[in-house]
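Peer 1: Structure below; questions to follow.
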Amino acid sequence: MSHPRLSTPEEKLAAAKEESNLPRIVVICGSIRFMAEMNEADLRETTAGKIVVKPVGVVKSPREPCSDPVEAEALKVRLGDLHRAKIRLADEVLVVGDYVGDSTRAEIAYARSLGRPVRFTHPEVDPEA
């Protein structure tokens, strides 16, 4: 006797997004040093009709809560976890900037492991190129 296959959380999310008729969701990744370029990409993608999510650049800020190195590191970990959740939510990833460091490289690998398409503002920095 065959049992009906249960949907995975990812399949349920995809179905709910389709049922809700949501626009595509793009998550922006890249070094925080490219925040100005990320804001420009956000504007381009938003005016193209997409929902955009991107990282925030508070970890390198001299403002609270990041002035304490221990708190700053804990915040960096929490923001990294949150950014991976954004990648899981997104339909595609846009990598901004002409440099890919270790964190961004890990985000690209994570997105690809989930089957998310990855685009680059500078395709030459694609680790798989």
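Peer 1: Taking Cα pairs under 8 Å and at least six residues apart, what relative contact order does the chain come out at, in percent?
Peer 2: Dividing the mean separation by the residue count of the chain yields 27 percent.
Peer 1: On to the next question. Determine ³J(HN,Hα), in whole Hz, for all residues of segment 41-52 in sequence, where each value follows from phi through the Karplus function 6.51 cos²θ - 1.76 cosθ + 1.60 and θ = phi - 60°; x replaces Gly and Pro.
Peer 2: Karplus values, whole Hz, x for Gly and Pro: 5, 4, 4, 4, 5, 5, 5, 7, x, 9, 7, 10.
Peer 1: Under a 5 Å amide H to amide H cut-off, with H placed in plane at 1.01 Å, what residues pair with Gly97 once short-range neighbours are removed?
Peer 2: Thr121, His122
Peer 1: Normalised radius of gyration for the chain, please: alpha carbon Rg relative to 2.2 N^0.38 Å, two decimal places.
Peer 2: 1.19
Peer 1: How big is the charge dipole of the chain about its Cα centre, in debye rounded to the nearest 20, if each Lys and Arg gets +1 on its Cβ and each Asp and Glu gets -1 on its Cβ?
Peer 2: I would put it at about 280 debye.
Peer 1: Less than 15 Å Cβ to Cβ from Ala129, Lys/Arg counted +1 and Asp/Glu -1: what total charge do the surrounding residues give? List each step's numbers first, then the result.
Peer 2: On the way: positive: Arg105, Arg112, Arg119; negative: Asp98, Glu124, Asp126, Glu128.
Overall, the nearby charge balance is -1.
Peer 1: Now, a different point. Could you tell me which of rounded, prolate or oblate describes segment 73-119, using a ≥ b ≥ c as the square roots of the eigenvalues of the alpha-carbon gyration tensor, with rounded for a/c under 1.5 and, failing that, prolate when a/b is larger than b/c and oblate otherwise?
Peer 2: Numbers: a/c = 2.06, a/b = 1.24, b/c = 1.66.
Cα axes put segment 73-119 in the oblate bin.
Peer 1: Leaving out ligands and nucleic acids, and using a 1.4 Å probe, what accessible area per residue does the chain come to in Å²? Present the calculation step by step, with values, prior to reporting the outcome.
Peer 2: Values: 8300 Å² over 129 residues.
Value returned for the chain: 64 Å² of accessible area per residue.
Peer 1: Determine which residues of segment 7-42 fall in the zone a paramagnetic label at His122 would reach in this model, i.e. backbone nitrogen under 19 Å from the point 7 Å along Cα→Cβ.
Peer 2: Zone members listed by number: 28-42.
Peer 1: Once neighbouring chains are kept in place and the probe is 1.4 Å, which whole percent of the accessible area of the chain is contributed by carbon and sulfur?
Peer 2: 57
Peer 1: If exposed means no more than 11 neighbouring beta carbons inside 10 Å and the site is in a DSSP loop, what's the longest run of the chain without any exposed trypsin sites (Lys or Arg not before Pro)?
Peer 2: Answer - 64-129.
Peer 1: If Lys and Arg each add +1 and Asp and Glu each add -1, what is the summed charge of the other residues whose beta carbon sits under 12 Å from the beta carbon of Arg116?
Peer 2: Result for the local shell: +2.
Peer 1: Expressed as an acute angle from 0 to 90° and rounded to the nearest 10, what is the orientation of the C-alpha long axis of helix 9-19 relative to the principal long axis of the chain?
Peer 2: 80
Peer 1: Considering only Tyr99, Met35, Ala14, whose Cα is most displaced toward the positive end of the charge dipole of segment 1-125, charges sitting on Cβ of Lys, Arg (+1) and Asp, Glu (-1)?
Peer 2: The residue sitting farthest along the positive end of the dipole is Ala14.
Peer 1: With only alpha-carbon atoms counted, please give the Rg and Dmax of segment 1-40, in Å.
Peer 2: Radius of gyration, then largest Cα-Cα span, for segment 1-40: 17.5, 58 Å.
The values are calculated or read from the model by the stated rules, or taken from the named source; none is laboratory data. Since the structure is predicted, the reported quantities are computational estimates derived from the model, not experimental observations. Neighbour counts are summed over all protein chains in view; Cβ atoms, including those assigned to glycine, are modelled from backbone coordinates with ideal geometry. Just so you know, the surface numbers come from the protein's heavy atoms only, side chains and all, with ligands and any DNA or RNA stripped out. Shrake-Rupley method; radii C 1.70, N 1.55, O 1.52, S 1.80 Å.
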